[in-house]
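Note sheet for the following structure.
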Amino acid sequence: MTSKANHYVHHGQPDEPGVLAAFFTKFAQATAHWTGHPIAFLLAVAVGAIWIVTGPLFSYSDTWQLVINTGTTIVTFLMVFLIQNTQNRDIMAVQLKLSELVLAMKGAENKFASIEDLSDEELKELHDECRARADMTLNHLNRRHGKDSRKPRAAAQRAKPLRRRSRPAVGT
């Protein structure tokens, strides 16, 4: 299967974005960058302050309330899509970087390079497998160092009460 076809099967869209997709990507990135700036927050505070100050001018009417409710609803609705787009791009970039690291490491299991495409059940099975390997490794290290080789969860449960008792009381 070609990489284009493989990408289409896994992500449901062609590799090469059309004009609209390219525009949306640039728009979403610019909007996310701008709305994350302190000036955007101050502008939102200013809009809210102006709305509050104009309350007496409009006798706190239903229309006055409807203006802010409608405006914030529309902005929130549109921002959901922009935020989702930005998160999708960011997580894909992180996944690609991690995949590259996994593939570049000697001894690493290459199956981890594409785990984002697994089903929830397959992810749980892989998680359980990794948990078992981590427990086995910890037990092995504990035996080598002559420490308690019980399961880490049991050791963590015993340690929790000790940590609580060792903290100084508030106000002393």
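The values are calculated or read from the model by the stated rules, or taken from the named source; none is laboratory data. Here the structure is a predicted model, which is why all the values come from computation and not from measurement. Cβ sites come from the backbone with ideal geometry, for glycine too, and all protein chains shown count toward neighbours. These area figures cover heavy atoms from the full protein model, side chains too; ligands, DNA and RNA do not enter into them. Shrake-Rupley method; radii C 1.70, N 1.55, O 1.52, S 1.80 Å.
Of the GluC sites (Glu not before Pro) found in region 93-123, the ones in coil according to DSSP and having at most 12 other Cβ atoms within 10 Å of their Cβ are Glu109. The length gained by stretching the chain between Leu98 and Val67 to full extension, at 0.36 nm per residue less their Cα-Cα distance, is 6.6 nm. Ordering Val94, Val53, Val102 by accessible surface, largest first, gives Val53, Val94, Val102; the 1.4 Å probe counts only protein heavy atoms, with every chain in place.
Which order do you get for Ile52, Ile68 if you rank them by accessible area with a 1.4 Å probe, largest at the top?
Values: Ile52 105, Ile68 35 Å².
Largest accessible area first, the list is Ile52, Ile68.
In the assembled protein chains, Phe58 presents an accessible area of approximately 120 Å² (probe radius 1.4 Å).
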